[in-house]
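The values are calculated or read from the model by the stated rules, or taken from the named source; none is laboratory data. Fair warning: this is a prediction, and the values are worked out from it, not measured in the lab. Because the Cβ atoms are built from the backbone with ideal geometry, glycine has one as well, and the counts that use them run over all protein chains shown. The accessibility values were calculated without ligands, DNA or RNA, using every heavy atom of the protein model including side chains. Shrake-Rupley method; radii C 1.70, N 1.55, O 1.52, S 1.80 Å.
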Amino acid sequence: MSDQKATPEADEAPAQNLTSEETVKEIPVKKAKSPSKRSSKKAADDAVESAEGVQAHEELAAESPQTEGTTVASAPEKPLEKEELSMSSEVQEKPQAAQTDYLSLDIAADGIAMAWFDTPGKKVNLLSPVMLDQIETVLNEISSNPAVKAVIFASRKEDNFIAGADLASMVSESFDLEKAVAFGDRGRQVMQRIAELEVPTIACIHGSCLGGGLELALACDYRVASTHPKTKLGLPEVQLGILPAWGGVSRLPRLLPLPTALDLMLTGKQLPAKKARSIGLIHLAPPHDILIETAQKLAKELLAGQQSSVSIKPPKTSLLDKALSNLAVGQNLVFKQARKGVLEKSKGFYPSPLKILETVQNSMNLPLYEAFKLEGQAFRYLLERSETANLMNLFFVNQDLNKIPELEGKNVKSRKVKMMGVLGAGYMGAGIAQISNAKDIDIRLKDVNYPALLNGMKSIRKTYQGLLKRRRLNEKQVQDKMRRITPTTEHTGFQHCDLVIEAVVEKMEIKKAVFQEMEKHVNENTILATNTSALSINEMAEATSRPDRFIGLHFFGPVHKMPLVEVILGEKTSPETLSTALGYVRSIGKTPVVIRKDTPGFVVNRILALYGNEACLLLEEGADMTTIDRLMTDFGMPMGIFEVIDLAGVDVAWHTAQSVRALFEARPGFQISTVMERLFKDQRLGQKNGKGFYIHAGKEPIPDHRYLQQVVQEIRPESERRQMTAEEIRDRLVLSILNESALCLQEGLVSRPGEIDMAMLMGTGFPPFRGGPLRLIDQQGIQFIVNQLEYYAETRGERFAPCQLLKDMAASGKKFYPLF
């Protein structure tokens, strides 16, 4: 680890040492103010061996899952009392110490100071301007107080070290660029002050240590993190469109091999302690119950050494890693490959990862104080980008989704779902069973016969095999989870379920019959839920004797990958039912969006059906299918609409379109395409049987132009078709999505713009860098969007007429999101 002091004399370019023998990095130990002599190497070895001696049962590390949400951990342990946390430091005759609201300094008689983060009235610590001020107050005390020999930074929060910077402080009323830039500069300065302290510093980490929290830890000389499942370390700034601007971009590549450092910053992944230690991000990973003791033992051993430095062997690195990290040719190769990977994944839509690469490449061989300048410049550049504003807005939208108006101010009792039933072992039922079982919920899986159950269990096992292959789970864990799924053709055992979800065929009479029979076999508190994608929640609820304990939970497939669940309220759904359902959805790592009006297709499928219908009308009028799909992927969608239909199944898309048909046909001048109907009649079902809009015979789908030309010719003669510009194709598709999204808000399907945008992002893949349909309307200008819709309403049909909400907002100058 290089010297942390940002001075021209202290920073030099990394040495190019490519010997095959294990290198030893020199870690400077700051002189204590009352030193005694001891061999530096012996001090280092003794310090680490002594601290490691209190660790138990270390295992090989595995990366934490990134796609399935936060891992559910065991119940929080009882928080340690202040006296317990200071168990190995004498407290008698303790020198006076600095005390602030957010950070307190307890100095023991041996000179080891505990700096405790504890934001008042909050569950987590965030680095706000006030917190930074109070950190500096404590740093002043440390620097001026000769009684302080070493400092351990720790948190009094139950499961949190520091969750990151307080982004709300940059946008308290409106976004202020200069204020945000100053916040970045301020944070970087405070982190450097920690790095320049003349006493040894140790970050003692339990719980989330993310963003600015990890940057603070990187500024310390040593990092010790608990092996508790809730301890996660990472730099997720890239997901907000920015970069680690408090020294992270500059420090991390000096600490870790270059490919490893870039991977952490470009993905925003969060690591458990053992994995973090295996790559060299932290020095020690003890169990939670001896975390403080371990940090204090390390501090005492360091103070006993009294030499200028101690030597600690870093994790083993290969000769290739050393070449890639230290030689110019190796560094260039790493950056070239990393840039290629970023462009393949992001298609260049996201400036943040590219800016991270550029900044690291330009700064990693500079003195640290020069690197900080480039870091600050990159931060300003990204803050000026619209993509960053959109991603930050989504961050606040996601936080706002936790506030449910129906539950605000009410003392609502919700139940934790420990056991649940799933009715139907098909594609969706098996997916719901697996994702719930993966989060330690006992499952009773019912279908009408054992072959159907066998197929469902095979599907569940296949999903677990994927997790096993990616080393997210081991074989024993998979077996243990599978044993908690009970397949059955009977109704017995469901009386113990907290929740029963139906996922049978999309036919109303069948669903009502299933619920009427099931309610005879559950207890009075069991919640009944349907996974319907479009049918009426109220009609199903009224078929039961318990409409207050009935709700819609619409998952999207594939269930283990799609993060959205639409939570649809019936007219009589109780607050307790809603609260329990929301708790369940969040517990399995999904994002719930509450739909407050029971209308066909709800939000996502309704908008998708309109989008698909417009695409098919464009086909009828003469547009090319591959051009339509390409233009929408160029817009930022992960797949073109016809690729999406083939993936979901033409039959599924057709039935969904039929469920909302009456809603659309009731609108003046609305046109319904018949292209999808023809494919359905011809049993061209998409990927499931090898042919739909595309032919699925190999790795890449092949557009079936000949078949589609025949279909279009039968629907509309060539004399009525025409050439269309790319602008018209893109405009009509995007405007259809935007107008229908605003109409859903106007009709009260949701209560806030963010619910529409989050549903579309997570349910359809609407590009996050555009912020969502309603956010895009804000950016383009509501009056401009209204003008565009009116133009196409005049020239292409009344279906494009702007909804009343958009016209009213344009007239009043309002925006969906006034903050950014």
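Observations
- Taking the inverse of the mean 1/r over every pair of distinct Cα atoms in the stretch 116-208 gives a Kirkwood hydrodynamic radius of 14.3 Å.
- For I279, the solvent-accessible surface with a 1.4 Å probe is about 30 Å², rounded to the nearest 10.
- Kirkwood-Stokes translational diffusion coefficient of the stretch 614-682, alpha-carbon pairs, 37 °C, 0.692 mPa s, µm²/s: 253
- Over 24 Å [Cα-Cα, the stretch 415-595], rounded percent: 30
- Here is the size of the stretch 375-416 from its Cα atoms: Rg then Dmax, 17.4, 50 Å.
- Rg over Rh for the stretch 692-820 works out to 1.06, both radii taken from alpha-carbon positions and Rh defined as the Kirkwood radius.
- For the stretch 103-384, the solvent-accessible area of protein heavy atoms averages 33 Å² per residue (probe radius 1.4 Å; ligands and nucleic acids excluded).
- Counting all C-alpha pairs of the stretch 734-787, share separated by more than 17 Å (%): 27
- All Cα pairs of the stretch 516-620, percent lying beyond 25 Å: 25
- Exposure rank, largest accessible area first [D101, D133; 1.4 Å]: D101, D133
- What the Cα convex hull of the stretch 140-264 gives, in volume per residue, is 132 Å³.
- Trypsin sites (Lys or Arg not before Pro) lying in DSSP loop within the stretch 98-149, provided at most 15 other Cβ fall within 10 Å: K122, K123
- Under 11 Å, Cβ to Cβ, from P351 - net charge with Lys/Arg +1 and Asp/Glu -1: -1
- Protein accessible area in the stretch 415-595, 1.4 Å probe - carbon and sulfur %: 52
- Solvent-accessible area per residue for the stretch 603-812 (1.4 angstrom probe, square angstrom): 41
- With every protein chain in place and a 1.4 angstrom probe, the accessible-area ranking of K336, K590, largest first, reads K336, K590.
- At 0.890 mPa s and 25 °C, Stokes D of the stretch 103-384 from Kirkwood alpha-carbon radius, µm² per second: 127
- Taking the 1.4 Å solvent-accessible surface of the stretch 603-812 as the whole, the part contributed by carbon and sulfur is 49%.
- Taken over the Cα atoms of the stretch 603-812, the convex hull encloses 119 Å³ per residue.
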